[in-house]
Amino acid sequence: MESLAAEFEPEKYKDGYRENLKAMIEAKVQGREIVEAPAPQHLAPVIDILEALKMSLAEAKKPARSTAGTPAAVPSTEAEPKARKARKAAGG
């Protein structure tokens, strides 16, 4: 998290909504006609989140494919205490 921390530079950001709203107000004050922007022609596909979750869970429940003759990876007994200590230090 620390590596992502940086000084806030507000000049790097702009509020397009506010700018457009001000421009519309100024145009209206000057008596110009305000025209609604056309609706987008292509909408993003709607994803059924529940169905996606069900598929994800079904995929996770599938047994891992094993290759005949290939020994399974055995976790190192030295690595587990180190990993546990690292998780504890990270707050998890």
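The values are calculated or read from the model by the stated rules, or taken from the named source; none is laboratory data. Keep in mind that what you see is a predicted model, and the values were worked out from it rather than measured. Cβ placement follows ideal geometry from the backbone for every residue including glycine, while neighbour counts extend to all protein chains displayed.
Take the residues in the stretch 42-85 that are of a type in the set (K, R) and assigned to a loop (DSSP other than H, G, I, E, B), then tell me which one is modelled with the lowest pLDDT.
R65
Look at the stretch 30-51: where a residue is closer than 27 Å to N20 by Cβ and a partner is of a type in the set (D, E, K, R), sitting 6+ places away or on another chain with Cβ atoms under 6 Å, you get I34/K28. R32 meets all of the listed conditions (1) assigned to a helix (DSSP H, G or I); (2) surrounded by 10 or more Cβ atoms within 10 Å (Cβ to Cβ) but one, namely (1).
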